[in-house]
Ligand code: DOR
């Protein structure tokens, strides 16, 4: 906890800023029916506190499960440059309404986030406007490769992100020599979008000739993803660099990555767990289009198996909004990507309800996992001394996800009309209620995340 004199006095007097009473806490020991006290943003007591502690504010968590705050380590909030799709304020508002307490934001904005000044501009924009905590990725490219060891350690930087295949925006590093330079210049875990640019270019005619979004997983086929993953894992071994493979979509990659877990961490997205081809393309058309694509059911099943086997470290939403008008353009001119930060937790809780995922494993994937693999300081577990970031959920609440509920500027979700069981009720960030009773509360209080020294994690 904080060592200020005021906090020591409050601790001695058993007077908290916030008490969370009567809930089931998801602790490192498992689920426990205990209370929690918070002083100056940190957890200072756990146990049966109801008659022993007083507080300025009390949250009745009876009937709720209290999760360590959900961390979404892949969102595109589009600011600067593309704020007709999303911005930091709306994006983080959606995060908090979906029970997310911290995000890592992606560098394919306009301008790209390549230099210290770009990162600083994002940090300045987030200050006073972000509803949840945040860090920003620096893009890795040929132009800044030799400076990445410095850039990756700037305050507020989540690390380096590389696009091996073109997706949205101009960020690309597709040649082995450039990738080697990027990976040699730094120590932190490097995040990669693994699709092979040469193969995508070779096969693009397929998409153009077809004009139908159902071809999307065949244009950007299994080998496009698997080849890039093999290449980058090889280069990571050569350069002794730790890697984070974003949004893995194929059975082939999961089998391969299972053999490289010492070096490589793995993300899956809710979209690839919730949807499969061709059904999603028939139902949603290009609104189901993302990169890498949603694939056939056997790949979806392999992703679930990889979750059960422990190959997957984190679930990230890849929240990538585009307007409805942009998405409605004829394929393949329509951009890839869909919203997700607000629906990550509700759709995953629905899987918990269906028995496909344990709540303990979900916490591992959305709180403990990101904190562990990225070395986020003070986050990811309900334990003494940790930040009081909490996501309080009602596992029995039934709600219908709707476009109207979505805070994103783009205003839509692929899950419009879907009923789910399990819903976030309160979102607590460093002891402050950012969402109370399913409604935004107070003013934006987000701060930049702190990271452990890369050499220590
Ligand atoms: O579908 C996607 N959209 N995949 C990405 O990698 C980028 C994203 C975007 O920024 O729109």
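The values are calculated or read from the model by the stated rules, or taken from the named source; none is laboratory data. Model, not experiment: these values are computed from the prediction. All Cβ positions, glycine included, derive from the backbone under ideal geometry; neighbour counts span all protein chains shown.
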The listed residue being touching a residue at least 40 places away in the same chain (Cβ under 8 Å), surrounded by fewer than 19 Cβ atoms within 10 Å (Cβ to Cβ) and more than 30 Å from residue 189 (Cα to Cα), out of 423, 405: 405
Hits in segment 176-200 (condition: away from the ligand (no atom under 16 Å from the Cβ) and either closer than 22 Å to residue 266 by Cα or without any contact (Cβ under 8 Å) to a residue 12 or more places away in the chain (or both)): 176, 177, 179, 180, 182, 183, 184, 185, 186, 187, 188, 189
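If you go through segment 139-153 one residue at a time, how many are within 16 Å of the ligand (Cβ to nearest atom) and either farther than 20 Å from residue 292 by Cα or surrounded by fewer than 22 Cβ atoms within 10 Å (Cβ to Cβ) (or both)? Quick ask: steps written out before the conclusion?
Going residue by residue through segment 139-153, those that are within 16 Å of the ligand (Cβ to nearest atom) are 139-141.
Applying the additional criterion that residues be either farther than 20 Å from residue 292 by Cα or surrounded by fewer than 22 Cβ atoms within 10 Å (Cβ to Cβ) (or both) yields 141.
Counting residues in segment 139-153 that are within 16 Å of the ligand (Cβ to nearest atom) and either farther than 20 Å from residue 292 by Cα or surrounded by fewer than 22 Cβ atoms within 10 Å (Cβ to Cβ) (or both) gives 1.
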Any hit, segment 93-101, residues being part of a loop (DSSP other than H, G, I, E, B) and within 24 Å of residue 267 (Cα to Cα): yes
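Out of segment 47-60, which residues are surrounded by fewer than 16 Cβ atoms within 10 Å (Cβ to Cβ) and outside any loop (DSSP other than H, G, I, E, B)? Can you show your working first?
Pass one, segment 47-60, residues surrounded by fewer than 16 Cβ atoms within 10 Å (Cβ to Cβ): 47-48, 50-52, 54, 56-57, 60.
Across segment 47-60, the qualifying residues are 47, 54, 56, 57, 60.
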Number of the exception - residue 454 against (1) in contact with a strand residue (DSSP E or B) (Cβ under 8 Å, 6 or more places away or on another chain); (2) at pLDDT below 95: (1)
Test for residue 294: is it touching a strand residue (DSSP E or B) at 6+ places or on another chain (Cβ under 7 Å) and away from the ligand (no atom under 14 Å from the Cβ): no
Residue pairs meeting the criteria (Cβ under 6 Å; at least 6 apart or on separate chains; first touching a residue at least 60 places away in the same chain (Cβ under 8 Å), in segment 236-252; second away from the ligand (no atom under 13 Å from the Cβ) and in a loop (DSSP other than H, G, I, E, B)): 244/189
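Is it the case, given these coordinates, that residue 44 is in a strand (DSSP E or B) and under 18 Å from residue 96 (Cβ atoms)?
Details: in a strand (DSSP E or B): yes; under 18 Å from residue 96 (Cβ atoms): no.
Spelling it out, it is not the case that residue 44 is in a strand (DSSP E or B) and under 18 Å from residue 96 (Cβ atoms).
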In segment 297-340, the residues that are in a loop (DSSP other than H, G, I, E, B), within 13 Å of the ligand (Cβ to nearest atom) and either in contact with a strand residue (DSSP E or B) (Cβ under 9 Å, 6 or more places away or on another chain) or closer than 23 Å to residue 69 by Cα (or both): 316, 317, 318, 320, 321, 322, 337, 339, 340
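Give 169, 156, 165 a once-over and let me know the one that is within 20 Å of residue 81 (Cβ to Cβ), within 16 Å of the ligand (Cβ to nearest atom) and either over 22 Å from the mean Cα position of the chain (by Cα) or in contact (Cβ under 8 Å) with a residue 24 or more places away in the chain (or both).
On the way: 156 fails: within 16 Å of the ligand (Cβ to nearest atom); 165 fails: within 20 Å of residue 81 (Cβ to Cβ).
None of the others qualify; the one that does is 169.
Within the group 227, 261, which residue is free of Cβ contacts under 8 Å to residues at least 40 places away in the same chain and under 29 Å from residue 149 (Cβ atoms)?
Values: 261 fails: free of Cβ contacts under 8 Å to residues at least 40 places away in the same chain.
Matching residue, one of 227, 261: 227.
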